[in-house]
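Below is one structure, written out as structure tokens; comments come after it.
The values are calculated or read from the model by the stated rules, or taken from the named source; none is laboratory data. Note that this is a predicted model, so its numbers are computed, not measured. No Cβ is skipped: glycine too gets one built from the backbone with ideal geometry, and neighbour counts run over all protein chains shown. Surface accessibility is based on the protein's heavy atoms, side chains included, excluding ligands, DNA and RNA. Shrake-Rupley method; radii C 1.70, N 1.55, O 1.52, S 1.80 Å.
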Amino acid sequence: MAETPRNDARQLRQLNFDLANYFSNTVIPQLFVDADLILRIFTPPAMKQFSLTYDHVGSHISDIKDNLRYPHVVEDISEVIDNPNNSLEKEVQTTDGYWYQMNIVPYIEYEEDVINGVIITFTDVTKRLLALRESEKLNSQYEILMFALAHDIRQPISTISLVADGLKMASSQDGFRQFGKWADTLRKSSRSLKTLVEDFTAGKVGEREESSEEMKLNIKDICEDILLALKLEIRKKNIKVTTDLKIAEITFPRSSLRSVIYNLIHNAVKFCDPEKASEINIATEEIGDFVILCVQDNGLGISFDDQRRVFKKSSRLHNNIKGTGMGLYVIKQMIEDYGGRIKLESDKGEGSTFKVFFKNHKTA
């Protein structure tokens, strides 16, 4: 019987030695904090997450400086101690930019069935997160590219349809004098469609940054092409369109600028107010470091609450008007990708004004 206490003490020392040996040699960042929030032991790799020395053993965890961009570690430890059935898992970033999955699990003494603290483990997930974010970026770029193509291709196709209708009308009325004019328009629209396809095939998602080169573009020519494509809809709704282009050129990727302007003008046409004489004004001006494109209408307008979500993905404010709710989301991404921004000013029933701020390369 006298040997039993001695054997128990020897086994306890061996267990403590095994635990200390594990913590000193593992490559996994771990800490053992007891139920009183006292640091009992840690692995050397945990020094990246906390400014630790072995003198900190026995200190309260709140007295130890951590290197985490996350201020709630102590609260999370206390929560797991108070609720042992709820382990905690969270992604946290260290001050040197690395990301870790932090797991806090209860340390239970099963013989006594009591919680004696927590084990905190950090798993490096930086590479996985970076790969995931790159994948999300590529998916977003692909989505934007496909939507831009779907939008842009409508412009020359609409023009071709318009020309076909004009040719048919001229033929039925013996209006052969119009044939030359319509043929020129058809040729121009065909060139636009060809250019669009070439831009798309060159602007593969993986090569987007290299292929989407910024260039000086004539804003007047782009607006005329878009207004021609929308001519039937503008005429049908009896919309008066005016332009005041104080700045003739904007430096931007060609296909992206066409998408931005087409979307803004088309929205102004779609959301005109049938109860009033509709007007759209397209203007440019130079203010400081920006060239500002302004598309103003007196249409249905957008309430203040809806303005907060109008640029969000798949956001639709009028279910009775055809659309996907993607347009403003997509062009906002395009504008911001090249250092610009877009601003909305609107009141319900009073029309809307969209202002696009392009970098002024002349001042730069």
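Site pair N86 and D34 shows an inter-label distance of 2.6 nm when each label is modelled 7 Å from Cα along Cα→Cβ.
Pairs over the 29 Å Cα-Cα cut-off, from the set K90/K313; K65/K312; K236/K359; K216/K236: K65/K312; K236/K359; K216/K236. Amide H contacts of Y107 (H built 1.01 Å from N, in plane; Pro and chain starts excluded): N116, G117, V118, I119 sit under 5 Å, all sequence-distant by 5 or more or on other chains. Taking all protein chains together, D306, D63 sort by accessible area into D63, D306, largest first [probe 1.4 Å].
Shown for region 213-261: the carbon plus sulfur share of the solvent-accessible area, taken with all protein chains present and a 1.4 angstrom probe, equals 48%. Placing a pseudo-label 7 Å from each Cα along the Cα-to-Cβ vector at V27 and D306 gives an inter-label distance of 5.8 nm. Using a Debye calculation, one point per C-alpha and no hydration shell, please list log10 I(q)/I(0) for region 47-127 at q = 0.17, 0.20 Å⁻¹ in order. Rounded to two decimals, the profile gives -0.73, -0.97. The charge dipole of region 214-363, taken about its Cα centre with unit charges on the Cβ atoms of Lys, Arg (+1), Asp and Glu (-1) only, comes to about 480 debye. Using a probe radius of 1.4 angstrom, the carbon and sulfur fraction of the accessible surface of region 91-133 is 51%. Sorting the segments 75-85, 278-288 by their mean number of nearby beta carbons within 10 angstrom, highest to lowest, gives 278-288, 75-85.
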